[in-house]
Amino acid sequence: MVAKPKLYYFHGRGRMESIRWLLAAAGVEFEEEFLETREQYEKLQNDGHLLFGQVPLVEIDGMMLTQTRAILSYLAAKYNLYGKDLKERARIDMYADGTLDLMLMIAGTAFKPPEEKETNLASILEKAKTRYLPVFEKVLKDHGENFLVGNNFSWADIQLLEAILMVEELDASILSDFPLLKAFKTRISNMPTIKKFLQPGSQRKSPPDSHYVKVVRDVLQF
Amino acid sequence: MAAKPKLHYFNARGRMECIRWLLAAAGEEFEEQFIESPQDLEKLKNDGSLLFQQVPMVEIDGMKLAQTRAILNYIASKHNLYGKDLKERALIDMYSEGIADLSEMILQLPLCPPNERGAKLALIKEKATGRYLPVFEKVLKSHGQDYLVGNKLSKADIHLVELLYYLDEIDSSLLASFALLKALKTRVSNLPNVQKFLQPGSQRKPPLDEKTLEKAKKIFNIK
């Protein structure tokens, strides 16, 4: 029996959350080991598992994979969520990278000094409303299909839903000018694997709080 | 006959240089349209050519591709520089991402306020010799092959050699204790396509000078 993938990260979203979403959406069960102390982190390093000394780390198919995008691309390809050819894959990469940029900006605000947080958040919401969300509304409008690429469910759709929900946590009305994204959100949220992941008690993590920030700072010593 | 890829960026390395290296190494000729003024950038935005209002943008095979990684991955796949299977691709991606992280630090250096530059430079050198170069030296040592993954040239080798050239520009002693990396640099530099790209007069861009930096800041509205 094939071992379940094992995720090594803090008990929070950070750079691992998109990986959790992708696995969950693909219906793949996974285990997690949560980093709580500096000692745990140093042990992973000393065991030689962290290629560049960093997490996320995912143990899968006999590999110790690090680097968020490398992990995401591997999973997308493995679970047939990467389009049917090179050109579809290029578009999925383009959309997924854009949404990941946005989500990492949001993840970063938790670590900004208090006096910068508000302006930082405002600028991110501005980017979401004017740079990112309109793009995806237009993509859906132009082809009139249910999914972003190739009329088929892909990694790009999972990332977009994750990003939409993350932005909505900051501004509940953010989709008010984007009717197709609203419909998209409902449609993708209702897919069985995703619906399950959105239930309380799933492995989905909460937004970062001060405790999370403290643990990360303590473990990574910054 | 298929049109040559067309690169939209300003006339400098920035985030487009790794794409130029990869196309050159793959032997795919390309054209460049340089953004020289804020108006040039506005026009591209208004034409709807820039997916997220950003460059790099590469017109290739009927697509207008944005996002550096998406562009690089497409070119690599197209030219068989992405390994033979998913696992090799994962390794190539992992190595490429590490290289990109260090390259990003070097890319950001000119934008750093002058009083912080010394510290940033020291950090780059420390990360290079302490975190990144040892990893790749070890990979090459562990299998004793000519290239990082699967005994075959891949995008990871090209990105790494490009980075080695930049580290050499920063401080030529950085590579001193990495014999296998030095050998990789020589080996890849001697590949016909790369050798051609390394000649004067190629589309390879020089280090950023003050004048070009000021121009770029104007175009992209950076303070």
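Would you be able to say whether some residue in the stretch A:86-94 is among the charged types (D, E, K, R) and touching a residue at least 24 places away in the same chain (Cβ under 8 Å)? Yes: the stretch A:86-94 contains one or more residues that are among the charged types (D, E, K, R) and touching a residue at least 24 places away in the same chain (Cβ under 8 Å). What about residue A:182, is it farther than 26 Å from residue A:85 by Cα, touching a Leu at 6+ places or on another chain (Cβ under 6 Å) and either modelled with pLDDT of 95 or more or part of a helix (DSSP H, G or I) (or both)? Yes.
Filtering the stretch B:72-90 for residues that are touching a helix residue (DSSP H, G or I) at 6+ places or on another chain (Cβ under 9 Å), at pLDDT below 95, in the same structural domain as residue B:150 (by TED's automatic domain parsing) and not β-branched (Val, Ile, Thr) leaves an empty set. Within the stretch B:129-163, being part of a strand (DSSP E or B) and more than 14 Å from chain A (Cβ to nearest Cβ) holds for one residue alone: B:152. A residue that is touching a strand residue (DSSP E or B) at 6+ places or on another chain (Cβ under 8 Å) and outside any helix (DSSP H, G or I) cannot be found anywhere in the stretch B:184-191. Note on the stretch A:56-90: among residues that are surrounded by fewer than 22 Cβ atoms within 10 Å (Cβ to Cβ) and charged (D, E, K, R), the one that is nearest to the chain's Cα centre (by Cα) is A:69.
Number of residues in the stretch A:80-91 that are polar (S, T, N, Q) and either within 16 Å of residue B:82 (Cα to Cα) or within 7 Å of chain B (Cβ to nearest Cβ) (or both): the value is 0.
Within the stretch B:78-89, the residues that satisfy the criterion of being outside any helix (DSSP H, G or I) and either at the interface with chain A (Cβ under 9 Å from one of its Cβ atoms) or free of Cβ contacts under 8 Å to residues at least 60 places away in the same chain (or both) are B:79, B:80, B:85. Pairs are defined by a Cβ separation below 7 Å, a sequence spacing of at least 6 or placement on different chains, a first member in the stretch A:64-79 that is more than 7 Å from chain B (Cβ to nearest Cβ), and a second member that is part of a strand (DSSP E or B); the pairs so defined are A:64/A:57; A:71/A:58; A:71/A:65. For the stretch B:101-141, a tally of residues being without any contact (Cβ under 8 Å) to a residue 60 or more places away in the chain and closer than 26 Å to residue A:15 by Cα returns 22. The requirement of being at pLDDT below 95 and assigned by TED's automatic domain parsing to the domain that holds residue B:40 is not satisfied by residue B:205.
Annotation note: of B:99, B:92, B:71, the sole residue that is buried (at least 16 other Cβ atoms within 10 Å of the Cβ) and either away from chain A (no Cβ under 14 Å) or over 14 Å from the mean Cα position of the chain (by Cα) (or both) is B:92. The single residue among B:65, B:107, B:41 that is in a helix (DSSP H, G or I), within 25 Å of residue A:135 (Cβ to Cβ), hydrophobic (A, V, I, L, M, F, W, C) and outside the structural domain of residue B:153 (by TED's automatic domain parsing) turns out to be B:41.
Only a single item in (1) without any contact (Cβ under 8 Å) to a residue 24 or more places away in the chain; (2) in a loop (DSSP other than H, G, I, E, B) is not met by residue B:207, and it is number (1). Inclusion of residue B:2 among residues that are within 14 Å of chain A (Cβ to nearest Cβ) and modelled with pLDDT under 95 is warranted. Restricting attention to the stretch B:26-59, report how many residues are more than 18 Å from the chain's Cα centre (by Cα) and either facing another protein chain (nearest Cβ under 9 Å) or not polar (S, T, N, Q) (or both). Result for the stretch B:26-59: 15. Inspect all residues belonging to the stretch A:40-58 and state whether any of them is touching a strand residue (DSSP E or B) at 6+ places or on another chain (Cβ under 7 Å), more than 10 Å from chain B (Cβ to nearest Cβ) and charged (D, E, K, R). Taking every residue of the stretch A:40-58 in turn, none turns out to be touching a strand residue (DSSP E or B) at 6+ places or on another chain (Cβ under 7 Å), more than 10 Å from chain B (Cβ to nearest Cβ) and charged (D, E, K, R). Residues of the stretch A:1-43 that are touching a helix residue (DSSP H, G or I) at 6+ places or on another chain (Cβ under 6 Å), farther than 16 Å from residue A:159 by Cα and surrounded by 14 or more Cβ atoms within 10 Å (Cβ to Cβ): A:10, A:12, A:30, A:35, A:41.
The values are calculated or read from the model by the stated rules, or taken from the named source; none is laboratory data. None of the values given here were measured: they were computed from a predicted structure. Ideal geometry is used to build each Cβ from the backbone, glycine not excepted, and the neighbour counts take in all protein chains shown.
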